[in-house]
Structures are given as structure tokens and as C-alpha cells.
Amino acid sequence: MKNTGRTALIWSDSFRDHATGPHPESPERITALRTALRAAGMFDDPERMVRAPKPATTEALLAVHSPQMVDLVRRAASGGGAWLDPDTFVSPDSYDTSRLAAGAACDAVDLVMQDEAPRAFALVRPPGHHAEPGRAMGFCLFNNIAVAAEYAIDRYGLERVAIVDWDVHHGNGTQAAFWRDPRVFFISTHQYPFYPGSGAARERGEGAGDGYTLNIPLGAGSDDAVYEQVFSEIVVPALRAFDPQLILVSAGFDPHQDDPLAMMRVTTAGFGMLARMVSDVATDICAGRLVLVLEGGYNLDALGASAVATIRALDGTNGTDGTDGIDAGGFTDHPASA
């Protein structure tokens, strides 16, 4: 399909197969997304590519995760399911579904790097950014965006990849994966102090990776105005200084004002604003190469509406205005929690 300028979608109903029972990270998240995207006409747009994903290869998973960790998820699934921690469940189909989620992120990289689409959004579950190299945690089995970043470096010989994580929770797993790696610049905005306890501003990387982690902890109640200030004054300038060849986004919609698992006040339009800001900088510095990978978002109506607003903003098909009036009071640097 010819590159039409529309944001490509990586989509599969099979992401419902990761069965979690009565859990915030449920298959109903995929149902809600499908309903919202259909209502917005995004699956019927003849100019939009909608592609089914392929599972990540074992090699791609092992570029981020230890063999023992990958095998643990596989054995837990083949054994009928198990809790890996109090938040993270593996069902019989979870190994295959989580491989598909990581593969979807890699497929999105292929689309933009091969100029089949200007931008791509992998609408996946389970989410990934809490999964560390040696541990699944926080609803996450494999770290989809970290796998995609390593894949981009290995497959396309990239030297500089940026990851922007606007999920309400700190992406501890992504940070851990690239803690010593100067090829990947990890930027996270997140509620703090909050789960998982990491993400203080002083966490900057180590060794060759010192300075290639940028944590921006935000106080509870931060709204569109706070996020707009942080992105315009910190995130965008940092991206320009790093000059990445590809930008990846951990697109969590749990900073939404209606989300039950957090205490932020970002509106649906606010996510459109963030998407447009990141897309604009990608256009300026890396030929528009931008990949988004879904992370959190647990109010089903807000999840669907925010995904639609994000895609429309990326496509440039509607307004993405934020809230007027900057309140810097939400930008905080708290001590790390225990």
C-alpha cells in the first residue's frame, strides 16, 4: 500500500486472548478500542493501513530479556497459567499473545523505516514498559517498546533511538533495559511518588548511558497545562539535542482525568496535544519516523476516546488544543520511595 500520510495501525483481536479475569488490564480494553476506532471510521479509511502483527522472534525477545525470564512466561502459560506477582497474571494464551504484542511493535518499526507509513501505532496488550530484562511485573510480560528499540538498532543499524514514555507510571523496565546504553535516550513523564517507586529526576543512567535517561516526575493532579509546559520546555528540546533517527512513544492513557488507577488530570484533547508535539519534532529531526505502542489506560471510554484523539492529531485531521494557562506547580522532584 502506498504511503498516504495516514498513521498506520497494527491491530489484532487476538490481543484479547491474554485472559486476566477481573483485572484492570482486561481483554475489554481491546473491545473498547475496537468500538471507538470503528465509530471514528478508522478501520474503514481507504487511505489508512491496518496491518495484522507477527509474533516477535525469540531472538528479538532475547535482545532485551534473559532466557530464564522468557522461559518462565512460556512455562507459566503452558502449565495453565500463574500469577507472576500480585499484579501480573499469565493465562494459557499469554505467552503467544505477549509475543504478538512485542512483534506488533517491531512491525510498526518496519513500516516507518521502510517508508510504508509515516507513523505507526501498535494497539497492543499486554502492555510492556514495566517488564525488566529479568522480571515480568506491573501487568507487563515482555517489554514491547524495548524490544522494538533493540530491533530498530539491530535491523536498521540505527545509532540513536529516543523513547518518550507518557504513561502515568514510570517505565522502570524500559529504563533498566537501556540504563547503560547511550544509543537509546529514555524520557519519562509520570506521577511521582507512585507505582513502581522508581523515576526520580536523579536517575540518569550509568556508565556509557549516564545522561541518556531523563525522568520528569510530576505531582498528582497535573493537567494539560502542566504537560504542555513540560513537553515544550523539557521533552522537545531534549529530543532535538539528542537528534534521534527514530522516536518511539510508550503511549499510556492512564494520565487521563477519568482513569481509576491514577490521579492526573489530562483530558482527551490533551493526548492529542502531546501526540502533535512529538509528531512535529519527529518531522523536524527524523523524517517523521514515529512509532507509538499502547501501554496503560483503564477507563474504557477514556481509553477509546484518547486513542482516537491521538490518531487524529497524528493525521492532522482535527484540533489538538490544550488548556490555556501554565501552572508549573505540578512539576516536582520528590525523594524516591522505598
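The values are calculated or read from the model by the stated rules, or taken from the named source; none is laboratory data. Small disclaimer: the values here were computed from a predicted structure and weren't measured. We place every Cβ from the backbone using ideal geometry, glycine too, and count neighbours over all the protein chains shown.
Criterion first (touching a helix residue (DSSP H, G or I) at 6+ places or on another chain (Cβ under 9 Å) and either more than 21 Å from GLY304 (Cβ to Cβ) or part of a strand (DSSP E or B) (or both)) does VAL278 satisfy it?
It is false that VAL278 is touching a helix residue (DSSP H, G or I) at 6+ places or on another chain (Cβ under 9 Å) and either more than 21 Å from GLY304 (Cβ to Cβ) or part of a strand (DSSP E or B) (or both).
Of (1) surrounded by 20 or more Cβ atoms within 10 Å (Cβ to Cβ); (2) over 30 Å from ALA313 (Cβ atoms), ALA101 satisfies all except one. Which?
Checking ALA101 against (1) surrounded by 20 or more Cβ atoms within 10 Å (Cβ to Cβ); (2) over 30 Å from ALA313 (Cβ atoms), the one that fails is (2).
Restricted to the range 137-155, and to residues that are farther than 23 Å from THR310 by Cβ and free of Cβ contacts under 8 Å to residues at least 60 places away in the same chain, which residue is surrounded by the most Cβ atoms within 10 Å (Cβ to Cβ)?
Among those residues, the one meeting the criterion is ILE153.
Being under 23 Å from CYS286 (Cα atoms), under 11 Å from the mean Cα position of the chain (by Cα) and at pLDDT 95 or above is the requirement here; does ALA146 meet it? Walk me through how you get there before you give the answer.
Values: under 23 Å from CYS286 (Cα atoms): yes; under 11 Å from the mean Cα position of the chain (by Cα): yes; at pLDDT 95 or above: yes.
The answer is yes for ALA146.
What's the number of the only condition in (1) of a type outside the set (Phe, Trp, Tyr); (2) out of contact with any Asp or Glu (no Cβ under 6 Å at 6 or more places or on another chain); (3) under 30 Å from PRO27 (Cβ atoms) that GLY296 fails to meet?
(2)
Among the candidates ARG29, ARG6, which residue alone is closer than 24 Å to ARG119 by Cβ, of a type in the set (Lys, Arg), under 21 Å from the mean Cα position of the chain (by Cα) and not in a loop (DSSP other than H, G, I, E, B)?
ARG29
In the range 185-200, which residues are of a type outside the set (S, T, N, Q), part of a strand (DSSP E or B) and in contact with a Gly (Cβ under 8 Å, 6 or more places away or on another chain)?
Kept after step one, since they are of a type outside the set (S, T, N, Q), are these residues of the range 185-200: 185-187, 190, 192-197, 199-200.
Okay, now just the ones that are also part of a strand (DSSP E or B), so 185-187, 190.
Correct list: PHE186, HIS190.
Just the residues that are outside any loop (DSSP other than H, G, I, E, B) and crowded, with 16+ Cβ neighbours inside 10 Å, please, taken from the range 32-49. Reasoning before the result, please.
We begin by selecting, within the range 32-49, every residue outside any loop (DSSP other than H, G, I, E, B); these are 32-39.
ALA32, LEU33, ARG34, ALA36, LEU37, listed by residue number.
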